[in-house]
Every structure is written in C-alpha cells, then in structure tokens.
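Asks: The structure's right below; bear with me while I get my questions together.
Taken together, the values in this text are just the output of simple stated rules run on the coordinates, not laboratory data. What you are looking at is a predicted structure, and each value in this text was computed from that prediction instead of being measured. Cβ sites come from the backbone with ideal geometry, for glycine too, and all protein chains shown count toward neighbours.
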Amino acid sequence: MPDHPTRPKPYVLNFAAAYLLLSGLLLALYWFPEAKQLAGDEHYYHHTALALLAGGDWFDGNLIWPPLQALILAGIYGLAGPSVLAVQLLQLLMLAGGGLLLADIWRRLGGSREAAAWAAALLCINPLTVGFATYLWPEIPHLVLCLLLAWCLLRSREAGTPGVCWAAGAGAALGLCLLAKSLLTGFWPLLLLPLWQRGRRNGNLLRIVAFLAATLLVTAPALYRGMQVTGKPQIADSSWFNLWVGLGDRWRNDFVFDETGQRMHEYLTHSPDPRARNAFAREQAEAIVAGQGLVGTFTAQLGKQYFRLFSARHFVVSQLHGRICDGYTSRYGSESFVVNRGGAWLMQAWHVALLAMAAFGLAAWRQWRQPWLWLAAAFVAYQMALFFGLHVKSRFLVPMLPLLCLFAGHWLAMPRRERRPRAAGWLLAGLLAFLALAGPWLDDACDQAGRSGSEGLAAGATGIRNACATSV
C-alpha cells in the first residue's frame, strides 16, 4: 500500500535509528569505563565557562579564542550545572538540526528528496561529527551556524519584506559564526553576492544593509573589546601564530609529536601585548621561509598540509589509545585492544568511504551552470589556500563536510544503473584516499623515533601537556 502523506519514509526512520545508535556508541565510549580526558582547547572553554558563572570576563584578552563556545557552555552550566553530558545532548540535537537544514538547503537548490535525505544522513551518521558533538570544541555549533547562514541566504531571495528579514537572519548567523571560529573572516564579503538579484535594485540594497547591520550588531561587543586591546576592531587574531606553527610542522598527521602546545607557551609568554606576540610569530615564520627558501617552503607545505587535512586518522580517532608516534593521544578511558583498534579501523574506513562517494558524485555531476556551485567552489578554494600555510588539524575538514555529503548523497540517490563510477571519479577517489591514508606510511614516525631514542616521544608528550596547560 502507498505510504500515507504524513508518514515518514522508511529510510528516514532507518537513518534516525542509525544516528541514535552511533550517538549512543560514542557516548558510551566517552563515559565508560571512565570519562574521556579533556583535550587542548576544551580546557579553555570549560574553565572560562565556569569563570563566567563566577563573574569572570567573557572576552579572551589574548585574542586567540573567539568567545561564543565559552558563552554557550556557561549558559548550559548555568541551567544544568557543570555537566558535560548536558552539553553533549544539546550538541547532538544541534547536529540533527544541522542535518535537517542541509536536507532543506539541498531541496531548495534543486536536489531530489532522496538525495537530500542521504546528504543529511551522511553528515549526521559520521563518527567525525558525532564525535565532536560529544566534545567541548566549537566545531558543531559553528557547523550548524554555517548551515543556518546558507539556509537564510537562500530564503533571502524571496521578494519584499520576508527577503529582507531572511537577509538579517543570515547576517546574524554570520556574526555568530565569526564569534565561534575565525574561519569566515576573509571569505564573508563573497556572501553578499547571493543577496543581489537583477532588476531589484532597492530590494538588493535593503537586503545588503540588513545583512551587514545584523552582522555588526551581533559582533559589536567583541569588536569593541578587541579595539580596546589592539586598537583595531577584531574578535580574535592568531593568524601569525598559526602560520608559524604551520610552516614548522614536520609530520603528515596532526598529533604525531605535536609541538603546538610548546609553541603556544612560547607565544603567550613572549609578551603580554598581542601586537608584540604577533610580531614575534611573524619573525619566526619569516625565519622558516628564509631558511627553506620559497621553493623549499612551497614543496614542504604541499607535501604535508593536505595529508593532515584529509587524514582518516582524524581528531576522533586520535583520541583513542595508541602510540604517540602513530598520532594517538589516549584520551578515551577504555584500553581494550578490540575497542581501540576496531574503532580506529571502522572510523577510518567510514571516512575514506565518504571521500570516495563524494568523488564519485562530483564526477557524475552534470549541472555545472548553477550559480551556487561557483560560491561553493570559492569556499573550498579559500579553505585550501588558507590551509596551505596555516597550521592544519583534521578537524578543519568539518566545515567542508556538508559539500562532501551533498555530492555523496547525489551519487547514492542516482539510479543503480547510472551509479557506476566514471574514470574521473576513480582518479579523484584514489587521490583523496591516498591523502587520507598514506600520511603515517610516508612519515614512518615510529621507526624514526626508534632510531633517535625517546627524545621525540618526550617532546610529543610535553607538547600535549603544554597544549592543555596553556588553554586553561
């Protein structure tokens, strides 16, 4: 019998069940047999939230951490107590909402209902996104806010007052994105393009003004505080620090003998003035380029950055137990060989499969004249150019996941007879799989550590400890 119009499709129920199952598994991994240790910036967000509730300052005078995540945690802690579980449950709900936003975005762009459902499922039923929903990092709020921004921009093309209101909503979402992470700082002016439509001059101006005004209204308090510290209106600025660390990174995996914490300690203790610290970091970055030469720097960055970005041994996998030289930080409580090695294998296979399906979907795509594709391509190009120099963690792939899921969902929704991957799809899938998997093999870090003794191991452990200490 045909489905009732209001009854959910069977695959929607299957996707919901899979999402709940994966969320339950990663929550169990987080809490049993003991709670996972906080890592890196989680310490800063957690302790800043507690300090806020005690009357402390919400703005980071070091201009390293944007304030939104600490404010969100403070709000949750104020209602539910200092409960990480409450944060996890809220972020899991946010992630599910992000999946719904992605599905509606895809339908508004002309995608089929089935392709939209697949895209949403691939975004949510993903160990990388679900894992981050159980952490205190701002990745999930930022991801959902980016999707909300895109959704509001699409709605802003409606005529009249509704379009202006949706433009204001997009501006508010952009402001919150900038308060969560600094990623869109150099890209946001291109977001004015969707607000402009032919033949609607007055309407275009109203939408643009509403967009900019809402963005400024949301970010004004942070911009004012930044001006007090540096003389310039800014929320956070660690770009020179990240360039210094990015140029100095040696390995193709982000937690192999990681020196970020040690360099953060040098950076913060160099001077209390953010401008002096940035000058110091700039000098360090320029010294690395001078020592390697322009050609040497270019080849060194090309040979490591995108391995780090697309790594299948991503941020969630790296929290499992394992050797430091393999990129593991042993933050989860379970020391079971089956849990750690089996979990690492499954999560990495999941990651590579998503990359391959996205490649197949991109190769099968035929509607290249759609304007939104050019903005999406500009966003990807912007991130790839940004992370060519800056310090790269695998978590920086999260903002690009919606696009990967759109193309993967498009491929999965194609009729089976048309789904056979083309040669271009296999080539792109092979390249992405190589970037995802070959980093540890090319580094051979454990063998190098064995030959050089325990110095590298000690340096890696010290770096991780300093990363936690400087974030508090």
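Asks: Starting from one equal scatterer on each C-alpha and no solvent at all, send me the Debye-based log10 I(q)/I(0) for the chain at q = 0.06, 0.09, 0.10 Å⁻¹, two decimals.
Replies: For the chain at q = 0.06, 0.09, 0.10 Å⁻¹, log10 I(q)/I(0) is -0.27, -0.63, -0.79.
Asks: Grab the other residues whose beta carbon is less than 11 angstrom from that of CYS325, score K and R as +1, D and E as -1, and report the net.
Replies: Every neighbour counted, the sum reads -3.
Asks: Suppose a student asked you for the relative contact order of the chain, using Cα pairs under 8 Å spaced at least 6 residues apart; what percent would you report?
Replies: After rounding, I find 21 percent.
Asks: On a full-extension model of 0.36 nm per residue, what is the gain between LEU268 and PHE388, subtracting their alpha-carbon distance, rounded to one decimal in nm?
Replies: 40.8 nm
Asks: Shifting gears a bit: Spin-label point model (7 Å from Cα, Cβ direction): what's the ASP57 to GLU335 distance in nm?
Replies: Result for the modelled spin labels: 4.2 nm.
Asks: Please report the net charge: other residues with Cβ closer than 13 Å to the Cβ of GLN301, K and R +1, D and E -1.
Replies: Local charge sum for GLN301: +3.
Asks: When the helices in the chain are scored as -39500 (n - 2.57) per DSSP H run of 4 or longer and the sum is shared across all residues, what 222 nm value do you end up with, to the nearest 500 deg cm²/dmol?
Replies: Rounded to the nearest 500, the figure is -23000 deg cm²/dmol.
Asks: Give me the percent relative contact order of segment 15-148, please, defined on Cα pairs under 8 angstrom at least 6 residues apart.
Replies: Here the relative contact order equals 30 percent.
Asks: So if each residue of separation counts as 0.36 nm, and I subtract the Cα-Cα distance between ASN14 and ALA80, what length gain in nm does that give?
Replies: That works out to 20.6 nm of additional length.
Asks: Please say if segment 26-111 is rounded, prolate or oblate, where rounded means a/c under 1.5 for a ≥ b ≥ c the square roots of the C-alpha gyration tensor eigenvalues, and otherwise the choice is prolate for a/b larger than b/c and oblate otherwise?
Replies: oblate
Asks: Compute the length gained on full extension between GLU286 and LEU100: take 0.36 nm times their separation in residues and subtract their Cα-Cα distance, giving the result in nm to one decimal.
Replies: Between GLU286 and LEU100, full extension yields an extra 62.5 nm.
Asks: On to the next question. First check a/c for segment 239-452, with a ≥ b ≥ c the square roots of the eigenvalues of its C-alpha gyration tensor; if it is under 1.5, answer rounded, and if not, answer prolate when a/b is larger than b/c or oblate otherwise.
Replies: Verdict is oblate for segment 239-452.
Asks: So if we plug the beta-carbon distance of ARG113 and ALA35 into 1/(1 + (r/R0)^6) with R0 = 35 Å, what FRET efficiency do we get, rounded to 0.05?
Replies: Result of the calculation: an efficiency of 0.30.
Asks: Another question, then. Which helices of the chain meet both criteria: a Cα extent of 30 Å or more along the helical axis and a mean Kyte-Doolittle score no lower than -0.5, with helices taken as whole DSSP H segments?
Replies: Membrane-span-like by this rule: 10-31, 84-108, 160-180, 201-230, 274-302, 337-364.
Asks: Kindly identify segment 118-259 as rounded, prolate or oblate by the Cα gyration tensor criterion: order the square roots of the eigenvalues as a ≥ b ≥ c, call it rounded if a/c is under 1.5, otherwise compare a/b with b/c, prolate if a/b is larger, else oblate.
Replies: Note, shape of segment 118-259 comes out oblate.
Asks: May I ask for the longest run of the chain untouched by trypsin sites (Lys or Arg not before Pro) that are loop-located per DSSP and have at most 10 neighbouring C-beta atoms (other than their own) within 10 Å?
Replies: 1-197
Asks: Another question about this same structure. If amide hydrogens are placed 1.01 Å from N in the peptide plane, which non-local residues have theirs closer than 5 Å to the one on GLY322?
Replies: Here SER330 satisfy the definition.
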